[in-house]
Amino acid sequence: MNEHNGSGSPSFLARLGGIDRRWIFLAMGLSIALPILLKLRFPEYPGPMAKATFDAIESVPEGSRVLIAFDYDPASAAELQPMANAMVHHCASRGHKIVFMALWPLGRQLADKAIAEVLLEFHPQLQYGTDYVQLGYQAGNEGVVKLMATNVPEQYKTDTKGTPLANLPLVADLRSTADFKLISSISAGYPGAREWVLFAESANPEAFKLVCGSTGVQVSQLLPYYPKQLDGMLVAVKGAAEYEMLVEDKYPVEKNADRLGQGRVRMGPQLVAHLLMIGLIVLGNIAMVAGRSRGGAQ
Amino acid sequence: MNHPEPNQPTTHGRGRRSYRLLWISLAVLGFSMVALRTAVAAQSGEGNPAAARDLWTTVGVWCAAFMTLGILSFLYKDNPFYKVCESILIGVSAAYWMVNGFWSTLVPNLFGKLVPGFVRSVALPDLPVSATPGLDMALAFVPLALGFMLLWRLAPRGGWIAVWPLAFIIGTTAGMRLVASIEADLLAQTVATVRPLVVFDQATSAFNFWGTVGAIVSVVGVLCVLTYFFFSVEHKGVVGGTARLGIWFLMITFGSAFGLTVMGRITLLAQRFEFLFRDWMGIA
């Protein structure tokens, strides 16, 4: 195939087709690194799903008992911790009583991180046992959710400190998931939001509102559940950024606000990297079409 | 035998030079970071997260930074630094899951019921006291026996014994998920699809154009994709056209799923860069 121009050197499009992929890696790295170094931020406009999540938490009466399940581990924390932080702050600001738990082993540590960096930072007046409780991780995947749908004390006999649930005012009378007004699963896969839909929502469809935050990978799997079975859904870091905007507008904080803005920080690199990818896809296709047409002409 | 030309570097020689170049680059990068970090820490003082850390946190941050760079170095080419980081990652992950399974499942759920007093005295002082310890102990022998049967496949003879606990696991999981899936996936999704094609706003009773478009696309999409997977009729004529439209819906779905996956991967890389710039280098 002759892909040379008249002077004998390869044409730009021909060279583009044979470019070393490491140049693309470098360009992608720079497109992500530079916005971080330059602290590029772009305005976010909350979409319907982020608004629905926000409204679901707002619609629950003040002081309600809510459950936040940290169903992920550090591998997905980049996407999910920003929305988890914003949700914890939102629930606490609204006056809800928060019960933390995890279906993933390391979810407990991430919940502890959210408690330390958000709950106790912005709401230091909250008391353990009456305003929030950490139940931690239980092995059993969907079995945990299924048992909680009918009998929470059988699944969780104590909190993470070994205190029996009966001695913690917030959860002393807790019987089943129906005793929560809202359940949120911040989910990275199995077990996660889908298991909460299958085993908790199906068991008590009208008893509580169910919202979720999801990694980008599993969004298409969860979308069919919205809005009938899921009252709200935060779609990856984009959903986190939109939700952060809504939370910050209504419940601003005076210091350390960056802890509630990680999603928006990560949207800067997203934009530049996506523009680069779109440009590369367009260029690649032009090079392919040009190569084909040259081949056809010969 | 084919000998390389005297003035042409061998593949082996090129590889060694590339590795040398990579090691030199990493060393230069490391020393640059030390200098930069020291300078930044001296200037910014306590306000900088990279400054004023205790020794072990600093060691942890440096380990994490070199692991991150080691894994990313694969993008240039396969190299020993990457191999070391990859092996550490796999080893630590496997060990973590084993230890986690032992302490979160076996100890509280099995040993804690078979010998609760012993477990409480040596491992888990907070192990809840059961109201029916005898019954718990008797029931715990069931998973204990199934566990031993499962491990029997490692024995030279009687591998068929492991099939029974496997059948138990598959049967209970299928039974548990079957009902929930029929309820949440089949029935609820069918109900969600059966809806008015013309949508009016609930509050104002005004015609909702985009809601109507969404409802029509949703119903048409479901029918077309179902037709594509319906193989009892040959895909010709109207059925063929509908199936082809179903393929378009599937392609769009896969494309959006891929786009979301890319978004997730970019976020992961952004978070790693944030870590390197802020926690390690202290420049962002």
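The values are calculated or read from the model by the stated rules, or taken from the named source; none is laboratory data. For clarity, every value in this text was computed on a predicted model and none was experimentally measured. Here Cβ is always computed from backbone atoms with ideal geometry, including for glycine, and neighbour counts include all displayed protein chains.
Scan the range A:43-85 for residues that are of a type outside the set (Gly, Ala, Ser), in a helix (DSSP H, G or I) and within 16 Å of A:Ala236 (Cα to Cα) and jot them down.
Hits for the range A:43-85 are A:Pro48, A:Met49, A:Lys51, A:Thr53, A:Phe54, A:Pro74, A:Glu79, A:Leu80, A:Gln81, A:Pro82, A:Met83, A:Asn85.
Quick check, is A:Ala78 surrounded by 14 or more Cβ atoms within 10 Å (Cβ to Cβ), more than 14 Å from every other protein chain (Cβ to nearest Cβ) and either modelled with pLDDT of 95 or more or in contact with a Lys or Arg (Cβ under 8 Å, 6 or more places away or on another chain) (or both)?
Details: surrounded by 14 or more Cβ atoms within 10 Å (Cβ to Cβ): yes; more than 14 Å from every other protein chain (Cβ to nearest Cβ): no; either modelled with pLDDT of 95 or more or in contact with a Lys or Arg (Cβ under 8 Å, 6 or more places away or on another chain) (or both): yes.
Answer is no for this residue.
A quick yes/no check of all residues on (1) at pLDDT below 90; (2) farther than 28 Å from A:Asn141 by Cα; (3) loosely packed, with under 13 Cβ neighbours inside 10 Å; (4) of a type outside the set (Gly, Ala, Ser):
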residue	(1), (2), (3), (4)
B:Leu186	no, no, yes, yes
B:Phe209	no, yes, yes, yes
B:Ile216	no, yes, no, yes
B:Phe231	no, yes, yes, yes
B:Leu245	no, yes, no, yes
B:Leu260	no, no, no, yes
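Could you figure out which of (1) surrounded by 15 or more Cβ atoms within 10 Å (Cβ to Cβ); (2) out of contact with any Gly (no Cβ under 9 Å at 6 or more places or on another chain); (3) under 20 Å from A:Lys228 (Cβ atoms) isn't true of B:Val194?
(1)
Restricting attention to the range B:157-170, which residues are among the aliphatic types (A, V, I, L, M) and more than 14 Å from chain A (Cβ to nearest Cβ)?
The answer is B:Ile161, B:Ala162, B:Val163, B:Leu166, B:Ala167, B:Ile170.
Looking only at the range B:134-142, decide whether some residue is surrounded by 11 or more Cβ atoms within 10 Å (Cβ to Cβ), among the acidic types (Asp, Glu) and within 30 Å of A:Leu198 (Cβ to Cβ).
The answer is yes; a qualifying residue exists.
Pick from the range A:56-75 the residues that are of a type in the set (Gly, Ala, Ser) and modelled with pLDDT under 95: which of them is farthest from A:Ile183 (Cα to Cα)? Spell out how you get there, then give the answer.
Narrowing the range A:56-75 to residues of a type in the set (Gly, Ala, Ser): A:56, A:59, A:63-64, A:69, A:75.
Remaining after also requiring modelled with pLDDT under 95: A:63, A:75.
On the way: A:Gly63: 14, A:Ala75: 23 Å.
Here the answer is A:Ala75.
Quick check on this structure: which one of A:Leu168, A:Leu119 is aliphatic (A, V, I, L, M), touching a Leu at 6+ places or on another chain (Cβ under 8 Å) and farther than 23 Å from A:Glu201 by Cβ?
A:Leu119
If we keep just the residues of the range A:179-198 that are part of a strand (DSSP E or B) and of a type outside the set (S, T, N, Q), which is farthest from A:Glu62 (Cα to Cα)?
A:Ile186
Which condition breaks for B:Ala131 when tested against (1) in a loop (DSSP other than H, G, I, E, B); (2) more than 14 Å from every other protein chain (Cβ to nearest Cβ); (3) surrounded by fewer than 14 Cβ atoms within 10 Å (Cβ to Cβ)?
(2)
Scan the range B:176-199 for residues that are at the interface with chain A (Cβ under 9 Å from one of its Cβ atoms) and of a type in the set (S, T, N, Q) and jot them down.
B:Ser181, B:Gln189
When you look at A:Leu246, is it in contact with a strand residue (DSSP E or B) (Cβ under 7 Å, 6 or more places away or on another chain), touching a residue at least 24 places away in the same chain (Cβ under 8 Å) and either of a type in the set (Val, Ile, Thr) or surrounded by 17 or more Cβ atoms within 10 Å (Cβ to Cβ) (or both), yes or no?
Considered against the rule, which asks whether it is in contact with a strand residue (DSSP E or B) (Cβ under 7 Å, 6 or more places away or on another chain), touching a residue at least 24 places away in the same chain (Cβ under 8 Å) and either of a type in the set (Val, Ile, Thr) or surrounded by 17 or more Cβ atoms within 10 Å (Cβ to Cβ) (or both), A:Leu246 comes out as no.
Please pick out the residue among B:Thr227, B:Thr212, B:Thr173 that is in a helix (DSSP H, G or I), among the hydroxyl-bearing types (Ser, Thr, Tyr) and within 11 Å of another protein chain (Cβ to nearest Cβ).
Selected residue: B:Thr173, the only one of B:Thr227, B:Thr212, B:Thr173 that is in a helix (DSSP H, G or I), among the hydroxyl-bearing types (Ser, Thr, Tyr) and within 11 Å of another protein chain (Cβ to nearest Cβ).
Take the residues in the range A:187-222 that are touching a residue at least 60 places away in the same chain (Cβ under 8 Å), hydrophobic (A, V, I, L, M, F, W, C) and more than 14 Å from A:Ala50 (Cβ to Cβ), then tell me which one is farthest from the other protein chains (Cβ to nearest Cβ).
Only one residue tops the list, namely A:Ala193.
Give the residue that is nearest to the other protein chains (Cβ to nearest Cβ), with candidates limited to residues of the range A:109-165 that are part of a strand (DSSP E or B) and within 30 Å of B:Leu178 (Cα to Cα).
First pass over the range A:109-165, keeping only residues part of a strand (DSSP E or B): A:128, A:132-137, A:158, A:164.
Applying the additional criterion that residues be within 30 Å of B:Leu178 (Cα to Cα) yields A:135-137.
Numbers: A:Leu135: 13, A:Gly136: 10, A:Tyr137: 7 Å.
Selected residue: A:Tyr137.
Name the residue, out of B:Cys63, B:Cys85, that is assigned to a helix (DSSP H, G or I) and surrounded by 15 or more Cβ atoms within 10 Å (Cβ to Cβ). Walk me through it before giving the result.
On the way: B:Cys63 fails: surrounded by 15 or more Cβ atoms within 10 Å (Cβ to Cβ).
After ruling out the rest, the residue left standing is B:Cys85.
Quick check: is even one residue across the range B:94-111 more than 29 Å from the chain's Cα centre (by Cα), farther than 30 Å from B:Ala64 by Cβ and of a type in the set (A, V, I, L, M)? Break it down into steps so the answer makes sense when it comes.
Initial filter on the range B:94-111 (more than 29 Å from the chain's Cα centre (by Cα)): B:111.
With the extra rule that they be farther than 30 Å from B:Ala64 by Cβ, the set shrinks to B:111.
Remaining after also requiring of a type in the set (A, V, I, L, M): none.
Looking through the range B:94-111, none of the residues is more than 29 Å from the chain's Cα centre (by Cα), farther than 30 Å from B:Ala64 by Cβ and of a type in the set (A, V, I, L, M).
Output the number of the condition that A:Tyr225 fails; it satisfies all remaining conditions of (1) crowded, with 23+ Cβ neighbours inside 10 Å; (2) more than 9 Å from every other protein chain (Cβ to nearest Cβ); (3) under 25 Å from B:Ala215 (Cβ atoms).
Of (1) crowded, with 23+ Cβ neighbours inside 10 Å; (2) more than 9 Å from every other protein chain (Cβ to nearest Cβ); (3) under 25 Å from B:Ala215 (Cβ atoms), only one is false for A:Tyr225: (2).
Contact list please: Cβ distance under 6 Å, first residue in the range A:162-183 and in contact (Cβ under 8 Å) with a residue 40 or more places away in the chain, second residue small (Gly, Ala, Ser) and buried (at least 20 other Cβ atoms within 10 Å of the Cβ), pairs at least six apart or on different chains.
A:Thr177/A:Ala149; A:Thr177/A:Ala200
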